[in-house]
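Engineer: Pasting in a structure now, in structure tokens, and then I'll have a few things to ask.
The values are calculated or read from the model by the stated rules, or taken from the named source; none is laboratory data. Predicted, not measured: the structure shown is a model, and the values here were computed from it. Virtual Cβ from ideal backbone geometry, glycine too; neighbours counted across all protein chains shown. Surface accessibility is based on the protein's heavy atoms, side chains included, excluding ligands, DNA and RNA. Shrake-Rupley method; radii C 1.70, N 1.55, O 1.52, S 1.80 Å.
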Amino acid sequence: MRSVLSTRRLTAPQKELLLNSGLSFVDYDAIKITALDFQVPKEIKNAIFSSSNAVDIVFKNNPERVSLTRVFAVGEKTSQKLKKLGQNVIKTVNYSSELVDFLNFSYKNEQFHFFCGTSRRDEIPDGLKNSKNELFEVKTYKTELKPVKIDRKYDGIMFFSPSGVSSFTALNTIGESAVICIGDTTASEAKKHTQNIYIANSTTVESVIAKTVKILHSK
């Protein structure tokens, strides 16, 4: 039986997807997300979320929810969470660079609040820096690596963030394992350690699992 290592804890339905495909797996959290203290206006016209972690923290850990008129999301999972919370998601993209292009083309003289983590990438701040829009960063969480020594080899390893790759490779080598990444930015980090990389069709955990099943069954 082929084996898979997931660098994040999976939900029961996600585990079923792997088990029903005939793959064995081990899952663990390669990173830890810790909420930060932050303050924002109660009414915000334009909000940007590039991670589902920021969504969780803003809406679940913040007792007084802010009012967001328009919301822009990076990643399908992020978008789905926002919509379930009743938010008006104007645009969903897979990558931050796509959102920057959209905002710079569609909006002028607007203020945007970017809810993110302390280790956020630079695409959105840099992309809007020279535009006619104004960006306010709101750091809502920090990401900590939780390196764990893995004693066995797996046929496939699933990565869901660049930080997850950094955490795993701090104490382990990828070797011959197939690496399945949730998106291009995660794959870019993984390429520092292997060329045996596959990218999910969309930025969801389920898509990573589907790609993993397909790749491992084809070998």
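Residues are listed down the side, and each one gets a yes or a no for (1) crowded, with 17+ Cβ neighbours inside 10 Å; (2) among the basic types (K, R); (3) under 25 Å from H217 (Cβ atoms):
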{"residue": "L103", "(1), (2), (3)": "yes, no, no"}
{"residue": "I124", "(1), (2), (3)": "yes, no, no"}
{"residue": "E134", "(1), (2), (3)": "no, no, no"}
{"residue": "D155", "(1), (2), (3)": "yes, no, yes"}
{"residue": "P162", "(1), (2), (3)": "yes, no, no"}
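Engineer: Do any strands (runs of 3 or more DSSP E) entirely within segment 28-91 hold 2 or more residues that are without any contact (Cβ under 8 Å) to a residue 60 or more places away in the chain and open to solvent by less than 50 Å² (accessible area, probe 1.4 Å), and if so, which?
Structural biologist: 67-74
Engineer: So, restricting to helices (runs of 4 or more DSSP H) that lie completely within segment 102-207, which ones have at least 1 residues that are over 16 Å from the mean Cα position of the chain (by Cα), more than 29 Å from T69 (Cα to Cα) and among the hydrophobic types (A, V, I, L, M, F, W, C)?
Structural biologist: Working: elements: 123-129, 162-171, 184-190.
Result: 162-171.
Engineer: Any idea which residue in segment 105-121 is least open to solvent (accessible area, probe 1.4 Å), counting only those that are closer than 30 Å to L145 by Cβ and out of contact with any Ser or Thr (no Cβ under 9 Å at 6 or more places or on another chain)?
Structural biologist: Filtering segment 105-121 for residues closer than 30 Å to L145 by Cβ gives 112-121.
Applying the additional criterion that residues be out of contact with any Ser or Thr (no Cβ under 9 Å at 6 or more places or on another chain) yields 112-113.
On the way: F112: 0, H113: 26 Å².
Of everything passing the filter in segment 105-121, F112 is least open to solvent (accessible area, probe 1.4 Å).
Engineer: Let me ask something else about it. Given the conditions (1) under 21 Å from I33 (Cα atoms); (2) at pLDDT 95 or above, and given that E76 satisfies all but one, which numbered condition is not satisfied?
Structural biologist: (2)
Engineer: With the requirement that a residue be open to solvent by 40 Å² or more (accessible area, probe 1.4 Å) and of a type outside the set (S, T, N, Q), what does segment 1-27 give you? Can you show your working first?
Structural biologist: To start, the set of residues in segment 1-27 that are open to solvent by 40 Å² or more (accessible area, probe 1.4 Å) comprises 1-2, 8-9, 11-13, 15-17, 19-20, 25-26.
Those that are open to solvent by 40 Å² or more (accessible area, probe 1.4 Å) and of a type outside the set (S, T, N, Q): M1, R2, R8, R9, A12, P13, K15, E16, L17, L19, F25, V26.
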